[in-house]
Amino acid sequence: MTAARTDSVVGAPALYEGTKIPSPIPSWLQVPEARRETGNVLQVNFGPNHPSTHGVLRLVVDLDGEEIVGMRAVIGYLHTGFEKSMEQKSWWKAINYPSRIDYLATFQNELVFVLAIEKLLGIEVPPKATWVRMALSELNRIHSHLIWLGTMGLELGVQSMYMYCFDQRERVLDLFEMVTGVRVHGRYCQAGGLAEDIPAAFVDEARAFCGNFQKMIGEYERLTWQNKMWQRRTDGIGVVSAEDAIRLGLSGPNLRASGLNWDIRKREPYLFYDQVEFDVPVYEDGDSGARARVRIDEMRESLRIAEQSLDKIEQMAAEPWIADERKVVLPPREELQTSMESLIHHFKIVTEGYRVPAGEVYVAIEGPRGEEGCYVVSDGGAKPWRVHFRAPSFLAIAAAPTLCQEHLIADLIAISASLDTLMGDSDR
Amino acid sequence: MSGYKQVPGLLEVNEALGETTLVVERERLGEAALYLRDELGFNYLADVAGADYLGWGGEVAGSWGSAEGRDLNVPYTLGPSLVAKPKPKRFSVSYHLLALRDDPVRVRLQTWLDDGEEVATVVEIWPTADWLEREVYDLMGIVFAGHPNPVRVLMPEDWEGHPLRKDYPIGGEPVRFSGEE
């Protein structure tokens, strides 16, 4: 396994000549006519309800013996129409929806939508809120990667991995529960800052988690890199070159595993990512093993960022956590008893909602699965005119046939698991 | 940015909120896309998003501000009700492009069309567009001419209508297996 040493975005050696992307339909590997005529090709449907597809993904696979000769993915079984629903809600109510779209990157999906609202509003967010957002973003990344690692272990027959990961995942969720009141769908971001101040005990609890989790990452590495089963089922499996990864629109860890040193946190910094120290793990092999290594290394980097953010949060204990902008932000609770004006503001924001100036923005952040993008159009009213989410899983599933070709059926699930796709994210 | 002047079919360049939007003629979208990829290095298609502007530009009830929007830093800028600037046609298709290199640049390539008009596919230019264009067709009903596999991707194949259109009703869909069919 080779870690890339270059700081440049591109420049990794080519893994193979030309392109592997099927033509003319990039997401559909079609059986060659000659192969079909042999009469040995059997079409098998995986899913939509199959225990190893993590949700309702349907893979239509053409097999010649055990070899995959044709493949396409069918999705949409979890399509919920979030984008349509969000158009019917006022801006601040619509913040509830994004975390249900990608239900593992809950906080980050919420964040990208709120960042888009804030960009349209031109509102200044207090530094403490930004540091809290960063700490929670990284904890959320760890949470998402843990679920990926646990279920990837299940696919490869490393059953114990699942229990190790879900144990730690619960601890991350405990932190989220402490901050937001619920384990998963926190709705903690608010245009202008946070919905509430961070609890006083959070910093210590989070530090304790980080200290313990540092050791756990070592455990995970022993369970993977020193595990023959893991190695043999991931090394050289599902290879995709840097060039093809770009053409297929892969993003995040999947891109970094193909030798591209591309991380939105480093290259187009948002929040305060330009003020913290962290490295971007990059591997050049482009296979399932490299994708796994990127994610496990990333958990370590997330811990570094989270710890630096916690230090800042501690220093800023008494500072404001939401902007003082009464046309957008709910007034402090205690003022409602004494101030008529605050009561009016509260009433207007809760019933009508605040208004967002007309315009269109596209905000992209580095989510656990890659580029979480949010395209928002406002007509100046109290409801979004159009919201669109760029789902990294959607494009990763479309890319799966490229990665699976010439592999055996046993590798199919291991490859799709290594792409870390989530049906909620892809189907929206 | 002067580099965009040569983009084929360019109608206007909008700079707003730190983002660049290139509006191009619908008929020359393919040329513009090819130029952006090959000459300006936009090798990564991040997203394709359609938007329906049916009913756009009506008075937004109770809104305060000017045509540019409200200046949040000036309290109580009580102006006339905001009327959003009219849009050239009913639908927009926005391609969010990224030049994936050491000095990354993002740009939004946008084109406008009415119901019944088509826009050329960019699948051959960026294979990413395969599912992204299918999604826009599925939910918005915009036809991408020359797409190799122009079928729905999220909704069932036999679904009628395109849900993200503004004239598609909310709550009007039949409830399946409810015993009332």
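Contact residues in region B:1-25 by the 50 Å² criterion (accessible area, 1.4 Å probe, full protein complex versus chain alone): B:17, B:19. Considering only alpha-carbon pairs that sit under 8 angstrom and 6 or more positions apart, the relative contact order computed for chain A is 26 percent.
Counting only protein heavy atoms and a 1.4 Å probe, region A:274-428 has 32 square angstrom of accessible area per residue.
Ligands, DNA and RNA aside, residue A:152 has an accessible area near 0 Å² when probed at 1.4 Å. Partner shielding of A:366-372 amounts to 1, given as the average count of beta-carbon atoms from other chains within 10 Å of each residue beta-carbon. Its residue count N fixes a reference of 2.2 N^0.38 Å for region A:1-108, and the Cα radius of gyration divided by that reference is 1.57. With unit charges on the beta carbon (Lys/Arg positive, Asp/Glu negative), name the residue among A:111, A:30, A:68 whose Cα is farthest towards the positive pole of the charge dipole of region A:5-118. Sorting the options by dipole projection puts first A:111. Looking at region A:1-107, which GluC sites (Glu not before Pro) are in a loop (DSSP not H, G, I, E or B) and have at most 16 other Cβ atoms within 10 Å? Here the GluC sites (Glu not before Pro) that fit, given the DSSP loop and packing criteria, are A:17, A:66. In a Debye calculation with equal point scatterers on the alpha-carbon sites of chain A and no solvent, what is log10 I(q)/I(0) at q = 0.09, 0.12, 0.13 Å⁻¹? After summing over all Cα pairs, the log10 values are -0.58, -0.99, -1.14.
Helix-only arithmetic for chain A: the sum of -39500 (n - 2.57) across DSSP H runs with n ≥ 4, divided by the residue total, places the mean residue ellipticity at 222 nm at -14500 deg cm²/dmol.
Taking the square roots of 5 times each eigenvalue of the Cα gyration tensor of region A:132-289, largest first, gives ellipsoid semi-axes of 30, 22, 13 Å.
The alpha-carbon atoms of region A:103-223, seen along their principal axes, cover 49, 29, 22 angstrom, with the largest extent given first.
Under a Gaussian network description of chain A, with springs only between Cα atoms under 10 Å, the residue in A:59, A:194, A:343 that fluctuates furthest is A:343. Under 20 Å between alpha carbons, and skipping anything fewer than 8 positions from residue B:85 in its own chain: which lysines qualify? Answer for residue B:85, where 20 Å is the Cα cut-off: A:119, A:383, B:166, listed by chain and number.
Full extension of the chain between residue A:42 and residue A:408 yields a length gain of 130.4 nm, computed as 0.36 nm times the residue separation minus the alpha carbon distance. Taking the charge dipole of chain A about its Cα centre, with +1 at Lys and Arg Cβ atoms and -1 at Asp and Glu Cβ atoms, the residue from A:308, A:336, A:392 reaching farthest to the positive side is A:336.
For the peptides A:187-193, A:302-308, residues were scored by their other Cβ atoms within 10 Å and the scores averaged per peptide; the highest-first order is A:187-193, A:302-308. What angle, in degrees between 0 and 90 and rounded to the nearest 10, separates the Cα long axis of helix A:392-404 from the longest principal axis of the Cα atoms of chain A? Long axis of A:392-404 versus the principal axis of chain A: about 10 degrees. For region A:241-355, the spread of Cα coordinates along the three principal axes comes to 64, 34, 20 Å, biggest extent given first. Heavy atoms of chains B and A lose about 5100 Å² of accessible surface on contact, summed over both sides with a 1.4 Å probe. Taken residue by residue and averaged, Cβ atoms of other chains lying within 10 Å of the Cβ of B:130-137 number 5.
The angle between the Cα long axis of helix A:288-315 and the main principal axis of chain A comes to about 10°, on a 0 to 90 degree scale. Between the C-alpha center of region A:274-324 and that of region A:149-191 there is a gap of 17 Å. Using a probe radius of 1.4 angstrom, the carbon and sulfur fraction of the accessible surface of chain A is 50%.
The values are calculated or read from the model by the stated rules, or taken from the named source; none is laboratory data. On a predicted model such as this, the values are computed, not experimentally measured, just so you know. Every residue, glycine as well, gets a Cβ built from its backbone with ideal geometry; the counts of neighbours run over all protein chains shown. We work out accessible area using only protein heavy atoms, side chains counted, and drop any ligands, DNA or RNA first. Shrake-Rupley method; radii C 1.70, N 1.55, O 1.52, S 1.80 Å.
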